[in-house]
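Peer 1: Submitted below is the structure of interest, expressed as structure tokens.
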Amino acid sequence: MEGSPSLPLHHCHAHKLRGLVNRTYAFLHFIALLAIFYYRGAFFFNKNDPRYYMVSSLPWVIILAAELMLSFMRVLREPIYWFPVTRSVYPERLPKDSDLPGIDLFVCTADPEKEPTFGVMNTVVSAMALDYPAEKLSVYLSDDGGASATLIGMKEAWAFATWWLPFCRRWNVKSICPQAYFEGPDEDSQNMDFIQDRNRIKEKYEAFKQRVQRKWRTELEKDVKRSPQNHAALIQVINANSIEDDVAIINPENVEIPLLVYIAREKRLSHPYHFKAGALNVLVRYKHYSIGYNLSDLIETILHSNVLRVSSTMSNSPYILVLDCDMYCNDSSSARQAMCFYVDPRTPSSLGWVQYPQKFHNISETDIYDSQLTKTWTIYWPGFDGLQGPLISGTNFYIRRKALYGFHIDDGSVPKDIRDCFGPSKEFLKSISQNDKSSVIKSRDLSPMLLEEAHFLASCTYDKGTAWGDKASVGFRYDSVVEDVMTGTYLQHKGWRSAYLNPTRPQFLGTTTTNLDELLVQGTRWNAGLLKIGLSKYCPLIYRPSKMQFPHKLSLSWIALFPIEFLSLLCFAIVPPLCFLYGITLYPKVSDPFFIAFAFVFVSSQLMGIYESFISGGSVRTWLNEQRVWLIKSVTCSMYGTLDCVIDKLGLKETSFIPTNKAGGEEKTRYYQMGKYDFRTSNMFLIPLVSMVSVNLACLFGGVTRVTIAQSWGTSLAQVIFSLYVVLMSFPVIEGMLLRKDDGRVPLSITIMSSVLILVILNAGYFNFLLEI
Ligand SMILES: O=c1ccn([C@@H]2O[C@H](COP(=O)(O)OP(=O)(O)O[C@H]3O[C@H](CO)[C@@H](O)[C@H](O)[C@H]3O)[C@@H](O)[C@H]2O)c(=O)[nH]1
Ligand SMILES: [Mn+2]
């Protein structure tokens with residue numbers, strides 16, 4: 001039966017055993033840490049300990065600091081492991097279509113060269129093809145590049161959608177992204193009608209592809225003087241009327257097509273445009289406006305135009321799906337699945353967003369860079385879901401529009417004067433009250449007057465002096481380049497909660513970074529953005545008043561402070577190897593009972609890592625990759641991200657959001673596909689990485705020689721393990737430095753430069769000097 005109110009629409013399954021294992025482990029780990037700090041403390045405070053005079057204390061101080069920091073981060077992260085949950089939904093129990101709420105889909109693109117138009121259009125078409133009543137879907141594309149290629153592509157996409165949507169409906173096609181459907185393996189079928197139909201649509205698809213790509217190329221050439229940072233607003237509703245040229249038949253089957261709107265907001269060099277957050281806020285406002293006009297005080301004028309017709313029929317969708325331009329809908333059911341949460345009367349009204357994981361179509365078998373971020377989606381996010389919900393994760397989330405307006409969650413009041421808060425558009429202000437109702441869009445046209453108002457809302461000065469983005473309340477936040485985490489954190493402080501849905505069949509598939517250079521550039525941006533939150537007043541540990549519970553605060557702070565963890569790693573990667581080389585003892589002898597505490601922490605952490613890889617569907621190999629990438633990213637992304645954040649905080653330079661490249665290209669992914677690291681990246685990244693590896697290699701050789709001569713293995717075992725660990729984990733780097741001959745190797749100049757650097761430092765007696773303090 002449809003919509004039976006007695007059955008729940010969603011279910012939350014707690015992984016009790018896993019939680020118990022994790023909490024038990026945490027307890028043991030904690031005991032071991034106490035032992036370690038007791039051991040360190042005893043050294044510093046016990047002058048009767050002979051080591052007090054024998055060993056220079058500086059390395060001990062450094063290592064203690066690193067251990068404290070690592071343990072602190074560990075405590076912050078801990079609650080993520082305690083209550084992991086998985087959710088399931090029952091879309092077949094949803095009420096009938098006419099009772100479903102409207103949804104607005106936002107797609108963001110910024111650069112037609114890095115984000116080729118055909119790919120973007122596939123995302124747009126796939127979003128239009130979601131299994132949801134077409135009259136309740138509106139798709140908005142924000143084009144930050146202001147590129148004619150994109151606008152032209154939209155028209156082509158609309159025309160193709162009129163073929164594609166009915167085809168998907170007719171045959172109940174699940175894979176609704178045309179490119180993925182036609183360029184992937186053929187669906188097995190004996191049905192001749194289907195095969196015929198598919199071939200017919202495939203022809204249309206090929207024509208669509210050819211046309212978009214041809215026009216894209218010519219437009220890009222024409223657009224040499226295009227100024228993506230400096231252009232007026234342009235808003236167009238795409239429909240049959242906007243198709244001017246050679247598309248032969250428009251909407252042959254006369255089907256209902258979701259509303260499709262192109263928006264390029266105004267951008268001026270003199271105004272900050274706030275990257276993606278700025279783009280999303282324009283979209284949120286724009287849609288607002290379009291439902292507000294019926295209450296406008298321009299009503300007299302409107303009465304004589306045809307606007308009223310539109311006004312009574314346009315919708316103000318209470319839910320919004322945000323998509324990156326490369327993140328296509330891989331399945332038709334995400335909207336219905338997400339609505340299982342919102343439509344169910346049992347769901348608390350504080351549920352602000354339903355987050356899907358980011359999954360990618362361009363992952364190779366070995367995934368050497370851990371580009372899919374396995375742990376984030378399979379361990380951390382289910383863990384957050386068991387606390388107070390996952391963060392907004394950039395894309396693939398269905399968010400309640402209301403959550404973005406900064407209303408107080410309890411009484412629905414606005415934080416300050418409404419005009420100050422939302423800006424001067426009357427249309428917009430009036431629309432706010434109409435939120436949360438489901439209605440149907442019947443007209444696809446907007447009057448010129450409404451378009452004019454929309455342009456006003458998309459102007460670059462609109463935000464100024466309002467609460468949009470800054471001042472703690474409305475829309476997506478501007479304070480960090482990871483606008484998603486920033487906005488999510490803020491909303492959770494305010495009491496909004498979220499749910500994480502990770503169905504077996506990926507609902508969305510995107511393009512991820514598959515070469516080291518882009519991986520590190522992106523990672524640096526993320527680290528800079530995260531730390532900016534961590535060091536701001538919004539850091540969950542200190543923000544007041546906050547509706548977050550304490551464990552959730554801890555874990556969220558770990559996300560925001562994560563970048564500085566590199567400091568402790570750096571200490572571990574440098575001090576123990578040097579001490580090993582010079583014969584300075586940092587750790588207890590193997591025969592000392594305290595050795596057990598150190599060994600337990602180290603070994604059990606590795607084993608837990610492997611265990612987590614297994615429960616997230618991976619293997620020892622996945623774990624190894626993760627460790628390697630963590631090591632590499634720590635000394636590059638985290639270090640430069642932290643630096644970037646500090647420079648930003650000092651007001652010297654603002655962190656910017658340079659979109660990643662989605663234009664694949666054989667050449668760029670060649671090594672990734674082969675499972676080999678590609679070291680063709682900037683020296684800025686290579687030097688710290690190669691230096692770290694060289695120090696460990698050198699100290700390992702030197703140290704082993706030393707202890708072999710001195711026969712003192714027992715005292716040095718713990719230290720040699722650190723160096724061995726770094727060397728093993730960095731094996732691909734060593735291979736790149738010494739063994740590889742191809743062009744993806746580490747350039748010889750870098751190896752030499754790093755080695756000279758290290759030799760100079762070691763020979764200058766710098767460390768000898770330090771060690772003697
Ligand atoms: O000025 C800008 C810059 C970017 N984008 C869009 O933002 C999206 C994400 O950009 P991308 O280059 O793909 O960055 P990623 O690092 O891959 O994105 C991750 O990290 C971002 C935060 O740094 C989140 O916004 C994303 O959702 C998340 O997938 C893309 O659709 C871009 O077109 C804009 O609209 N305007
Ligand atoms: Mn991306």
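Peer 1: Can you put 108, 12 in order, fewest other beta carbons within 10 Å first?
Peer 2: Sorted ascending by nearby Cβ count, the order is 12, 108.
Peer 1: Evaluate the Kirkwood expression for the hydrodynamic radius of the range 492-563, namely the inverse of the mean inverse distance over all pairs of different C-alpha atoms, and round to one decimal in Å.
Peer 2: Values: mean 1/r = 0.0692 Å⁻¹.
By the Kirkwood definition, the hydrodynamic radius is 14.4 Å.
Peer 1: Determine, at each q value in 0.25 (inverse angstroms), the log₁₀ of I(q)/I(0) that the Debye formula gives when each Cα of the range 479-527 is one equal point scatterer.
Peer 2: -0.97
Peer 1: Could you list, in their original order, any pairs among 402/494; 375/662; 633/653; 668/741; 662/741; 114/215 whose Cα atoms are separated by more than 20 Å?
Peer 2: The answer is 375/662; 633/653; 662/741.
Peer 1: How much length, in nm to one decimal, is gained on full extension between residue 517 and residue 72, taken as 0.36 nm per residue of separation minus their Cα-Cα distance?
Peer 2: Values: separation 445, 0.36 × 445 = 160.20 nm, distance 3.09 nm.
Here the segment from residue 517 to residue 72 would lengthen by 157.1 nm.
Peer 1: Computed over the Cα atoms of the range 556-672, what is the ratio Rg over Rh, Rh following Kirkwood?
Peer 2: Value, to two decimals: 1.06.
Peer 1: Follow-up. Round to a whole angstrom and tell me the spacing of the C-alpha centers of the range 136-208 and the range 587-614.
Peer 2: So the two Cα centres are separated by 54 Å.
Peer 1: Here's another thing I want to ask about it. For the range 606-671, count the residues as N, evaluate 2.2 N^0.38 Å, and divide the Cα radius of gyration by that value, please. Don't skip to the end; give the middle numbers.
Peer 2: Details: Rg = 17.0 Å, N = 66, 2.2 N^0.38 = 10.8 Å.
The range 606-671 yields a ratio of 1.58.
Peer 1: Using 29 Å as the Cα-Cα cut-off, could you pick out the over-long pairs in 136/547; 16/547; 16/532; 202/276; 276/547?
Peer 2: Beyond 29 Å: 136/547; 16/532; 202/276.
Peer 1: Running Debye on the range 54-148 with equal point scatterers at the Cα sites and no solvent, what base-10 log of I(q)/I(0) appears at q = 0.17, 0.23 Å⁻¹?
Peer 2: Results for the range 54-148 at q = 0.17, 0.23 Å⁻¹ read -0.88, -1.12.
Peer 1: Count the net charge of all other residues whose Cβ sits under 11 Å from the Cβ of residue 667, scoring Lys and Arg as +1 and Asp and Glu as -1.
Peer 2: Here the charged neighbours net out to 0.
Peer 1: Mean 1/r over all different Cα pairs, inverted: what Kirkwood radius does the range 604-727 give, in Å?
Peer 2: One decimal place: 18.0 Å for the Kirkwood radius.
Peer 1: How far apart, in nm, are two points set 7 Å out from the Cα along the Cα-to-Cβ line at residue 172 and at residue 24?
Peer 2: With each label point 7 Å from Cα toward Cβ, the separation is 4.5 nm.
Peer 1: What's the exposure ranking of 384, 194, going from fewest to most Cβ atoms within 10 Å?
Peer 2: So the ranking, lowest neighbour count to highest, is 194, 384.
Peer 1: If you wrap the range 544-596's Cα atoms in a convex hull and average its projection over all directions, what's the area in nm²?
Peer 2: The orientation-averaged projected area of the Cα hull of the range 544-596 comes to 6.1 nm².
Peer 1: Please identify the trypsin sites (Lys or Arg not before Pro) of the range 547-625 that satisfy two criteria: DSSP loop assignment and at most 13 other Cβ atoms within 10 Å. Which are they?
Peer 2: On the way: sites: 547, 553, 589, 621; in loops: 547, 589.
Taking the range 547-625 and a limit of 13 other Cβ atoms within 10 Å, no loop trypsin sites (Lys or Arg not before Pro) are found.
Peer 1: Binned at 10 Å from 0, what are the whole-percent values of the Cα-Cα distance distribution for the range 515-554, short to long?
Peer 2: 28, 36, 23, 13, 1
Peer 1: Please go through the range 58-144 and write out the trypsin sites (Lys or Arg not before Pro) that DSSP classes as loop and that have at most 15 other C-beta atoms within 10 Å.
Peer 2: Sites meeting the loop and neighbour criteria: 96.
Peer 1: To continue, here is another question. Given labels modelled 7 Å from the Cα in the Cβ direction, how far is it in nm from residue 90 to residue 760?
Peer 2: Each label point is offset 7 Å from its Cα along the Cβ direction, giving 7.0 nm.
Peer 1: I would also like to ask the following. Just how far, in whole angstrom, is the range 477-511 from the range 87-114 if you go by their alpha carbon centroids?
Peer 2: Centre-to-centre distance over Cα atoms comes out at 15 Å.
Only the coordinates and a few stated rules stand behind these numbers; no lab work does. Small disclaimer: the values here were computed from a predicted structure and weren't measured. Reconstructed Cβ throughout: ideal geometry from the backbone, glycine too, with neighbour counts over all protein chains shown.
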